[in-house]
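What follows is a short report on a single structure.
The values are calculated or read from the model by the stated rules, or taken from the named source; none is laboratory data. A quick note: this is a predicted structure, and the numbers were derived from the prediction, not measured. Here the Cβ positions follow ideal geometry from the backbone for every residue, glycine too, while neighbour counts run over all protein chains shown.
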Amino acid sequence: MNLHHLSNPYISTQSRQKLNNEKTRINHKSRETQARTWFLGFSTSNRRSYLVMGAIAMVIVLTVIVRKWAIYLESNDRDRRSSSKIADKSNPNHSIQVINHKTRVASSIIRSYALEELKVATSDFRIRIGVGATSYVYLAELGDGRFGAVKRVLAERGGNQKMFLDEVSVLLRISHPNLVGLLGFCLDKGEQLLLLEYVPNKSLFDRMHTRQGHYSGTLTWRNRINVALDIVYALDYLHSVADPPVIHRDIKSSNVLLINDDHAKLSVGHCKLGRIVSPKSDVYSFGVLLLELITGMKSLQGSSTLAEWTEEYRKSDDVEVMVKMLDPKLKVGDVNVNHLKLLVDVANVALLEDCEARPDMTQIAYRISTCLEIQPQLQPELPV
């Protein structure tokens, strides 16, 4: 629009008003576009920058698509190969198949264990390695030399058979490198037990917030980005690849199990099918988890949530203010200010009150992936 026309005396009042309205509409549209496309991070004032960032974005998007497709093929292949019909010890002529009637989907046949087998494997539930809201988790030594984790649901803590079967049904549908896998289950003599993949290290909560975890050393800034990205990949799989989509509903640091300092698996427990619950609830919880990684603080701070406690810092445009929310155990020289601003931006949009305005996990995966594309020599130092 040529703004010179706005001062032309030969233009009628009505036309001038129309032009003013159009200008106002364009300004509103510009602000809305900025808010909704913050993930792209492009500057239209710099054509060269636009082209370079566009090429980077294309590479990252293609990488995410290829990764999803590979996981999908691997999951299908796993389903085809899971026909090892190992009999239930309580009925040797009969294999067990768990069916979720509500979704009308029959899952693959898996190993069903007798209670006595799991008692032997856990030395009569001797070594407890985890505590949940309705369950305890015990270390199990399997016959082939591997270890497993036995989740024992406790009726007195609120567990019931319907919840148990729902959890089994969901676990049978999913397979991803960053999700704790199901190895078997037991419904015997009133007991409800799951045999799960064993992740040898502590949870993220234990590592960051307990004295024993501190003995293992502080997770570096890069460690934290890698762990966050693994959880993003797991959630993106649940929301976008699993069919039907699965909503985790319990994203928290105690459910993030560390394979090592750089990689993690997400424990699955209270999932629901995505047609019932919105995946944007998981996005919000991930935003809180991201703040926990940035600050090193627990998700609850007395009577306040971590989202409330950090609001002043994370919504500031002043980087020096934003830096004050960093975990003091981090070495300042190892933290990149671009990474910090980017992760805080991700947390801010994930925590938006309007759930529809929150990004999906595919967008978040793209955004956090860009942290690993930045060359160290181009990284500005944090202000002192």
Which ones in the stretch 240-278 are farther than 23 Å from Glu292 by Cα, at pLDDT 90 or above and not aliphatic (A, V, I, L, M)? Ser240, Pro245
For the stretch 332-348, how many residues are outside any loop (DSSP other than H, G, I, E, B), buried (at least 20 other Cβ atoms within 10 Å of the Cβ) and either in contact (Cβ under 8 Å) with a residue 60 or more places away in the chain or of a type in the set (Lys, Arg) (or both)? 3
In the stretch 265-307, residue surrounded by the fewest Cβ atoms within 10 Å (Cβ to Cβ) [restricted to those that are closer than 30 Å to Asp243 by Cβ and basic (Lys, Arg)]: Arg275
Scanning the stretch 123-173 for residues that are part of a helix (DSSP H, G or I) and of a type in the set (Ser, Thr, Tyr) gives Ser169
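For the stretch 245-291, what are the residues that are within 18 Å of Gly213 (Cα to Cα), of a type in the set (A, V, I, L, M) and not in a loop (DSSP other than H, G, I, E, B)? Spell out how you get there, then give the answer.
In the first step, residues of the stretch 245-291 are kept if they are within 18 Å of Gly213 (Cα to Cα); the result is 252-265, 289.
Filter once more, so that each one left must be of a type in the set (A, V, I, L, M): 256-259, 264, 289.
Of everything in the stretch 245-291, those that are within 18 Å of Gly213 (Cα to Cα), of a type in the set (A, V, I, L, M) and not in a loop (DSSP other than H, G, I, E, B) turn out to be Val256, Leu257, Leu258, Ala264, Leu289.
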Report every pair of residues separated by at least 6 positions or lying on different chains whose Cβ atoms are under 7 Å apart, first residue within the stretch 304-327 and farther than 13 Å from Asp345 by Cβ, second surrounded by 18 or more Cβ atoms within 10 Å (Cβ to Cβ) and of a type in the set (Asp, Glu). Leu306/Glu292
Somewhere in the stretch 219-229, is a residue part of a loop (DSSP other than H, G, I, E, B), of a type outside the set (A, V, I, L, M) and not assigned by TED's automatic domain parsing to the domain that holds Val131? yes
Can you name the condition, by its number, that Ser304 falls short on among (1) modelled with pLDDT under 90; (2) out of contact with any helix residue (DSSP H, G or I) (no Cβ under 9 Å at 6 or more places or on another chain); (3) farther than 20 Å from Arg358 by Cβ? (1)
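Could you tell me whether Gly213 is more than 18 Å from the chain's Cα centre (by Cα) and assigned to a helix (DSSP H, G or I)?
Numbers: more than 18 Å from the chain's Cα centre (by Cα): yes; assigned to a helix (DSSP H, G or I): yes.
Criteria met by Gly213.
Condition check ((1) acidic (Asp, Glu); (2) surrounded by 19 or more Cβ atoms within 10 Å (Cβ to Cβ); (3) closer than 16 Å to Ala121 by Cα) across all residues:
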{"position": "Gly132", "(1), (2), (3)": "no, yes, no"}
{"position": "Gly145", "(1), (2), (3)": "no, no, yes"}
{"position": "Leu154", "(1), (2), (3)": "no, no, no"}
{"position": "Phe164", "(1), (2), (3)": "no, yes, no"}
{"position": "Leu229", "(1), (2), (3)": "no, yes, no"}
